[in-house]
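The values are calculated or read from the model by the stated rules, or taken from the named source; none is laboratory data. It should be emphasised that the depicted structure is a prediction, and the values quoted were computed from it without experimental measurement. Here the Cβ is made from the backbone with ideal geometry for all residues, glycine too, and neighbour counts use every protein chain on show. Calculation scope for accessible area: heavy atoms of the full protein, side chains included, ligands and nucleic acids excluded. Shrake-Rupley method; radii C 1.70, N 1.55, O 1.52, S 1.80 Å.
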Amino acid sequence: MLETLHRIVKEVNAAPDLEGALSLIVTLVKQAIRCDVCSVYLTDQDARAHVLAATDGLRQEAVGKVALPLGRGLVGLVAERAEPLNVSDAPSHRRYLRVTETGEVAYRGFLGVPIIQNRKVLGVLVVRQEAQREFLDDEVTFLFTLAAQLAGAIVYAQASGELDSLTTAQRSARYLEGRAGSSGVSIGNGVVAFRMADLSAIPDRAVADTQHEVESFRAAVGAVEDDLRRLKERLSGQIPAEDNALFDALILMLGGDTLVTETVALIEEGQWAPGALRESIEKHAKVFDGMEDVYLRERASDIRDLGRRILMHLQSDSPRVGVYPQHTILVGEEVSAVQLAEVPADRLVGVVSATGSSSSHVAILARAMGVPAVMGVTNLPVSRMEDRELIIDGYRGRVYIAPAPSVRAEYERLAEEERELTAEAESLRGLPAESTDGIAFPLYLNTGLINETGHLGNDDFAGIGLYRTELPFMVRDRFPAESVQVMNYRRALEAFTPRPVILRTLDIGGDKPLPYFPIDEQNPFLGWRGVRISLAHPEIFLTQVRAMLRAAVDLDNLQIMLPMISGVTEVDELTMLIKRAHDELLEEGYAVSMPKIGVMIEVPSAVYLVEELARRVDFVSVGTNDLTQYLLAVDRNNSRVADLYDDLHPAVLRALEQVVRGARVFNRPVGVCGEMAGNPMATVLLMGLGVDSLSMSAGSLMKVKWVVRSFSVSRARQLLHAALRMEDAQQVRRFMEGALEDMGLGGLFRPGR
Ligand code: PEP
Ligand code: MG
């Protein structure tokens, strides 16, 4: 049976379209199960019916015509319950409905399984037998597996209008679903960012002239470096070139030791350059593939992209000199940030990627550029997207293919409203982030991954509220030396002086080990993370702190923040180490000064100990990403439990209330630097809580400022108190949506104004 299943799946996957796939499936299933009839019904919600879409055994003329009303008959029962139904004598079942148009004799044996995608029933796969027959468990699971295979193909066919002749649904209801990567809506034409060279297809091949091979490899690497610099330059109109860490990281990887030397070593063993390149790229990418942290896993695609680029030059192909339409929506299996940079900025209106998430570099870049992006569209038929008209909705993670005129008109209106909304938000530039009753809520930026200052000018943000220092550690093959770190931190401190820059000490470990510092644990999120590693390896911590202090000489805008604090001794020991680094540097003749020190509140124990922690430091900052994960016991990177992860959960709000109250005892300022700080829906609640500052990505800043400037603190407090009494996150979310709509700010969390 398993073999038959594999064969059917393979043949069905090779079918050119859904119609082909369906007719193959009914024929093959009928043969495999030796039944009299096999049919597929597709659910048409608008027509309120299950429409016969393919059959082997019933009259062919009935296809597309027979429509079983929803909620009736055995097929209706399968769809209703979303469960298989196995009945040996169908006519005696209370829900049996005799359909004559199909040429049905009174079939007795009935087995129906639902075709489900994302909890939604798309149709029913049915087999029938003239005689009484109870189908075997094996046969049920066989159909079940096939139904799951069909689901993806049906979703695509619905979205592209392929099913129009069969079902009556308006195309408005049809779209492919992915994840919101960057908010906004746009209409444009698909341009497929195809893989220019397929590294995995490169075979092994021996060469004699290794010298020549090494030379051409090095030349290809040099050419890619030049390309990257050119692209970085091009992006610099969008994103300030200084500290553009993504491109720096890729260039660094090329210039760094391992990738190049390992490839050269393989060539010297007799392998030709493309083969050697394939091996070393795969080895590097695999290190990231195995990581649980989504952000780090995404780095594997950056490395493979780099490999393809080198290969392209080795094969002396030139990069696609793009013909990009006026409104380009870049579509790909795995769109890379570099491919995105290749599209002229004035032509790029959107990005759609079959893989990736909102932490992919390409999504981060899209946000920084203000271009909508939809990520992780699993059923994306990339090869059929070139030149198709597309609409993307980056709020809800939707992609409409060849939209019907009514959908297009609706999205044109939304896009226009969006432009007005953006213009209105832009008009807030230079205005202070303060409530209508004059209380200031300074807004800071999160940075460190790439330069995420976007279009913002110096007056728009108060400083850097969270600088994640992990990146330079991740892209190397060993811990970066003190001097290298000094350069990095100095760039950031100088760029924003005199505004404060909060550098967070290394937050690796557990789920995000460095490639050269492997950690293997059963429960990585509860394991060796953040300051726990710093305490076990004071030499790593001391080197980093020394670099931070040295970088700040004469600038005086450095603040140091400690991640993953769970108790007071950690703070005592780490502040002692910071003092020690400070004293030693003074002795060595550096004119360093003691920075402000803060702790992140991201572990539940720190919420309960906030007074004791606040007494020991200068400020506290709530990392709501981790705090939500630990309070709700929901892995922040696990899509299976993503529905449970919600930072508007009343438990999170109540924890925040406790943090603010505790920190107030010692008059310590409280900031919020998790994603919650950049969510306009949470802004009013955070104002009501009385937090002192919010730190977020550049793309959110104007929206959050708009909310701050629309509410008074007394109104925010009223809303907060109501929210604190609610029992679940959904209730809070609906309540806050209402509050923003009332102020005319609905456009901040959904398409349109
Ligand atoms: C957080 O946990 O909210 C946070 C800001 O840190 P990170 O997302 O880097 O873990
Ligand atoms: Mg964190």
> For Pro650, all conditions in the list (1) within 16 Å of ligand 2 (Cβ to nearest atom); (2) modelled with pLDDT of 95 or more hold save one; what is the number of the exception?
Replying inline: (1)
> What single numbered condition from (1) at pLDDT 95 or above; (2) away from ligand 1 (no atom under 16 Å from the Cβ) fails to hold for Met702?
Replying inline: (1)
>> Between Gly64, Gly71, which is within 14 Å of Glu101 (Cβ to Cβ) and either surrounded by fewer than 22 Cβ atoms within 10 Å (Cβ to Cβ) or touching a residue at least 40 places away in the same chain (Cβ under 8 Å) (or both)?
In response: Gly64
>> Can you name every one of the strands (runs of 3 or more DSSP E) wholly within the range 345-430 that holds 3 or more residues which are out of contact with any Lys or Arg (no Cβ under 9 Å at 6 or more places or on another chain)?
In response: 348-353
> Quick one: in the range 263-289, which of the residues that are in contact with a Ser or Thr (Cβ under 7 Å, 6 or more places away or on another chain) and farther than 20 Å from Asp198 by Cα is surrounded by the most Cβ atoms within 10 Å (Cβ to Cβ)?
Replying inline: Gly270
> Looking at Asp626, Asp556, which is the one that is modelled with pLDDT under 95 and within 16 Å of ligand 1 (Cβ to nearest atom)?
Replying inline: Asp626
>> Which numbered condition in (1) surrounded by fewer than 20 Cβ atoms within 10 Å (Cβ to Cβ); (2) more than 15 Å from ligand 2 (Cβ to nearest atom); (3) at pLDDT 90 or above is the only one that Ala663 fails?
In response: (1)
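For the range 576-584, does any single residue satisfy the condition of being farther than 20 Å from Gly674 by Cα and within 16 Å of ligand 2 (Cβ to nearest atom)?
Within the range 576-584, the subset farther than 20 Å from Gly674 by Cα is 576-584.
Now narrow it down to the ones that are within 16 Å of ligand 2 (Cβ to nearest atom): none.
Looking through the range 576-584, none of the residues is farther than 20 Å from Gly674 by Cα and within 16 Å of ligand 2 (Cβ to nearest atom).
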> Within the range 622-644, can one find any residue that is in contact (Cβ under 8 Å) with a residue 40 or more places away in the chain, in the same structural domain as Asn446 (by TED's automatic domain parsing) and more than 16 Å from ligand 2 (Cβ to nearest atom)?
Replying inline: no
> Only one of Leu471, Leu421, Leu390 is within 21 Å of the chain's Cα centre (by Cα), among the aliphatic types (A, V, I, L, M) and closer than 23 Å to Ala698 by Cα; which?
Replying inline: Leu471
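Which one is surrounded by the fewest Cβ atoms within 10 Å (Cβ to Cβ), of the residues in the range 566-580 that are aliphatic (A, V, I, L, M) and closer than 14 Å to Met600 by Cα?
So the first thing to find is which residues in the range 566-580 are aliphatic (A, V, I, L, M), and the list is 568, 571, 574, 576-578.
Those left that are additionally closer than 14 Å to Met600 by Cα: 568, 571, 574.
Details: Val568: 15, Val571: 22, Leu574: 23.
Only one residue tops the list, namely Val568.
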> In this structure, is Val713 of a type in the set (A, V, I, L, M) and either surrounded by fewer than 17 Cβ atoms within 10 Å (Cβ to Cβ) or within 22 Å of Ala423 (Cβ to Cβ) (or both)?
Replying inline: no
> What are the residue pairs meeting all of these: first residue in the range 12-38, first residue within 26 Å of Tyr107 (Cα to Cα), second residue open to solvent by 50 Å² or more (accessible area, probe 1.4 Å), Cβ atoms under 6 Å, and 6 or more apart or on different chains?
Replying inline: Leu24/Glu11; Asp36/Glu130; Cys38/Lys30
>> Residue under question is Val12, and the condition is that it be among the β-branched types (Val, Ile, Thr), surrounded by 15 or more Cβ atoms within 10 Å (Cβ to Cβ) and modelled with pLDDT under 85; does it hold?
In response: yes
> Which one of the conditions (1) under 23 Å from Ala21 (Cα atoms); (2) surrounded by 15 or more Cβ atoms within 10 Å (Cβ to Cβ); (3) modelled with pLDDT of 85 or more does Gln149 fail to meet, given that it meets all the rest?
Replying inline: (3)
>> For the range 178-206, which positions are surrounded by fewer than 15 Cβ atoms within 10 Å (Cβ to Cβ) and more than 30 Å from Gly397 (Cβ to Cβ)?
In response: Ala201, Pro203, Asp204, Arg205, Ala206
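Can you tell me which residue within the range 534-551, out of those that are aliphatic (A, V, I, L, M) and open to solvent by less than 10 Å² (accessible area, probe 1.4 Å), is nearest to Arg616 (Cα to Cα)? Reasoning before the result, please.
Start the filter on the range 534-551 by keeping residues that are aliphatic (A, V, I, L, M), which leaves 535-536, 540, 542, 545, 547-549, 551.
Subset that is open to solvent by less than 10 Å² (accessible area, probe 1.4 Å): 545, 547-549, 551.
Numbers: Val545: 18, Ala547: 23, Met548: 20, Leu549: 20, Ala551: 24 Å.
Across the range 534-551, the extreme among qualifying residues is Val545.
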> Hey, among the residues in the range 592-603 that are of a type outside the set (A, V, I, L, M) and away from ligand 1 (no atom under 16 Å from the Cβ), which one's most open to solvent (accessible area, probe 1.4 Å)?
Replying inline: Lys596
>> Quick test of your reading of the structure: Glu675 fulfils all but one of (1) open to solvent by less than 10 Å² (accessible area, probe 1.4 Å); (2) assigned by TED's automatic domain parsing to the domain that holds Asp618; (3) within 16 Å of ligand 1 (Cβ to nearest atom); (4) under 26 Å from the mean Cα position of the chain (by Cα). Name the failing condition by number.
In response: (1)
>> So if I check each of Ala614, Ala606, which one is within 15 Å of ligand 1 (Cβ to nearest atom), more than 15 Å from Val545 (Cα to Cα) and among the small types (Gly, Ala, Ser)?
In response: Ala606
